[in-house]
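First the structure, in the form of C-alpha cells, and then the observations on it.
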There are 2 protein chains.
Amino acid sequence: MPATPHMEHHFTAPESVRDVVIGMSDGLTVPFALAAGISGAIATNPHASQLVVTAGLAEIAAGSIAMGLGGYLAARTDIEHYASEREREVREIVELRDVEIEEVAKVFRDYGMTDAEMAPVVKAITGNEKSWVDFMMRFELGLEEPQPKRARTSALTIAASYVVGGLIPLAPYILLSDVQRGLYYSVGVTLLALAVFGWVKGRFTGINPFKGGLQTVVIGGLAAMAAFLIAKLIS
Amino acid sequence: MPATPHMEHHFTAPESVRDVVIGMSDGLTVPFALAAGISGAIATNPHASQLVVTAGLAEIAAGSIAMGLGGYLAARTDIEHYASEREREVREIVELRDVEIEEVAKVFRDYGMTDAEMAPVVKAITGNEKSWVDFMMRFELGLEEPQPKRARTSALTIAASYVVGGLIPLAPYILLSDVQRGLYYSVGVTLLALAVFGWVKGRFTGINPFKGGLQTVVIGGLAAMAAFLIAKLIS
C-alpha cells in the first residue's frame, strides 16, 4: 500500500485537537488578562485578591459555557445545514434533472473536457442517486458530511479546555493572598503556559512551533496589557 | 441562465456575517455574565458599581483582542496551510506521478466507474498541471482556496463586534450608579439584545429565527447564572 505513507504527509489535526486549541487559547488568555487588568486597578483594596479570584472564576464559568454551548450549537447547525441541503439535492435531481445533469457536466467542462469525453463519467455519476447527491454536495456546495455525534463531544472538550486553561493564570491569586505577588506569578506562569501551548499547537497545525509559541504569547500579552491599561484608566 | 435562481436556494451566510456572529455572540454573553456574577457577589461593597464596570471593560478589552487576534491567526494559518499543501501537490504530481494518477482514478472508481470509462476524464484532469492540482486540493484534501485579504478584515470585524456586543450589558452599570438597579436593567436589556441577535442570526444561517433567538437567550442566561452562583459561593 504505497498510498498510506504518502497520505500521512498531509497532516490535518483531528477535530478534538482543534476543540482543545479553541477552548484553551481563550481560556489561558482572557481570564489571565482580566485578572491582571483588575489587579492593577484595585491593588489598594483590602479584598483585592479575593475580588480578582471572584471575577476570574466568574469569567471562567461564563466563558466556558458561552464557548462550549456556542460550539455545540455551531456543530448542530452544521449537521442540520448538511441534512437540509442534502434533502434539497435529493429532490432536485428528480425535479430539476436536466439542470442537475448540466451542473455535473459543467464541473468537467471546467477541467477542459469535451462533451464526448465526459459522457461516461457524467453517466456514471448521475446513474446512481447516492453517488450523484454525494458528488453535488462535495463539488457544487463544497460541504463535507459532519460527524453526527460531534456536537456534544465538541462542546465538552471546548468547555473543559477553557476551564483548565483559565485555572492556570488564576492559581497564583488563589494560592497567594497578596495580589501583587499573585500578579507577578500569574504573568510568569501564564506566559510560560502560553508559550508551551503555542508550541504544541504549532506542531499540530503544521506551523513552525517557535512561531506558534510566539504568537500565543503575544496575543496573551497584548490582551493583558490592554485590560490592565483600561482598568487603570477608569479606576 | 436558469442556474442562477436555482443556486440562490442554497443559502450560505457571507463570511463577514459569520465574523459578526462570532464576535457578538461572545461579546453579548461573557461581559454580561461576568458583570452579573460580580454584582451579586460584591453588592455590599461601596464601590460595587465601579468595580463591575472596571472588570467588564477589562474583559471587553481582553476578549476582543483574544478573539480578534485569534481570528486573524486562524485565517493566516488557513492561507499558509493551503499554500503549503498546494506546493506539495505541485511537487508530487511530478515526483510521484503514478501514485497521483492512481489517486485521481480512485475518486472515479468510488463512483462505480470502470477503468475504461474513466480513462478520458483521468487523462483530461492529469493533462494540465493546474487543473490536476485544483482537483487534488478539492478532492483528496477537501480544501478550498482561502481569500488572501480575509485575515485582517476578519480580525477587525470580530473584535469590533465583541466590543459593540459587550458595551450593551455594561451600559446600565455605567449609567446607573446603583449596582442592583444596574443588574436588573442589564439583564433586561441584554436578554432582549440576545433574542434580537439570535433571531437575526437565525435568518442568516437558515435556522428558524425563533429557535435562534431562544438559543442565544438560553446560552446567555445559563452563563450569567453560572457566573452568579460561582461568585456568590466563593464570596
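Considering only residues in the stretch B:55-110 that are among the β-branched types (Val, Ile, Thr) and buried (at least 18 other Cβ atoms within 10 Å of the Cβ), the one that is farthest from the chain's Cα centre (by Cα) turns out to be B:ILE93. Taken over the stretch A:125-148, the criterion of being of a type in the set (S, T, N, Q), at the interface with another protein chain (Cβ under 8 Å from one of its Cβ atoms) and either touching a residue at least 12 places away in the same chain (Cβ under 8 Å) or in a loop (DSSP other than H, G, I, E, B) (or both) is satisfied by A:ASN128 alone.
Only one of (1) surrounded by fewer than 17 Cβ atoms within 10 Å (Cβ to Cβ); (2) more than 30 Å from B:VAL121 (Cα to Cα) is not met by B:LYS201, so which one is it? Status for B:LYS201: all satisfied but (1).
Considering (1) surrounded by fewer than 21 Cβ atoms within 10 Å (Cβ to Cβ); (2) under 30 Å from A:GLU80 (Cβ atoms); (3) more than 9 Å from chain B (Cβ to nearest Cβ), the lone condition that A:ARG181 does not fulfil carries the number (2).
Among residues of the stretch A:29-56 that are free of Cβ contacts under 8 Å to residues at least 60 places away in the same chain and at the interface with chain B (Cβ under 8 Å from one of its Cβ atoms), those with a Cβ under 7 angstrom from a residue that is among the β-branched types (Val, Ile, Thr) and surrounded by 24 or more Cβ atoms within 10 Å (Cβ to Cβ), sequence gap 6+ or separate chain, pair up as A:LEU51/A:ILE38; A:THR54/B:ILE38; A:ALA55/A:ILE38; A:ALA55/B:ILE38. Does B:VAL122 count as under 33 Å from the mean Cα position of the chain (by Cα) and either outside any helix (DSSP H, G or I) or more than 8 Å from every other protein chain (Cβ to nearest Cβ) (or both)? The answer is no for B:VAL122. Is it true that B:PRO5 is surrounded by fewer than 14 Cβ atoms within 10 Å (Cβ to Cβ), in a helix (DSSP H, G or I) and either at pLDDT 80 or above or over 19 Å from the mean Cα position of the chain (by Cα) (or both)? Spelling it out, B:PRO5 is indeed surrounded by fewer than 14 Cβ atoms within 10 Å (Cβ to Cβ), in a helix (DSSP H, G or I) and either at pLDDT 80 or above or over 19 Å from the mean Cα position of the chain (by Cα) (or both). Counting only residues that are in contact (Cβ under 8 Å) with a residue 40 or more places away in the chain, facing another protein chain (nearest Cβ under 7 Å) and of a type in the set (S, T, N, Q), the stretch B:204-235 holds 2 of them.
The values are calculated or read from the model by the stated rules, or taken from the named source; none is laboratory data. This is a predicted model, so every value here is computed, not measured. Here Cβ is always computed from backbone atoms with ideal geometry, including for glycine, and neighbour counts include all displayed protein chains.
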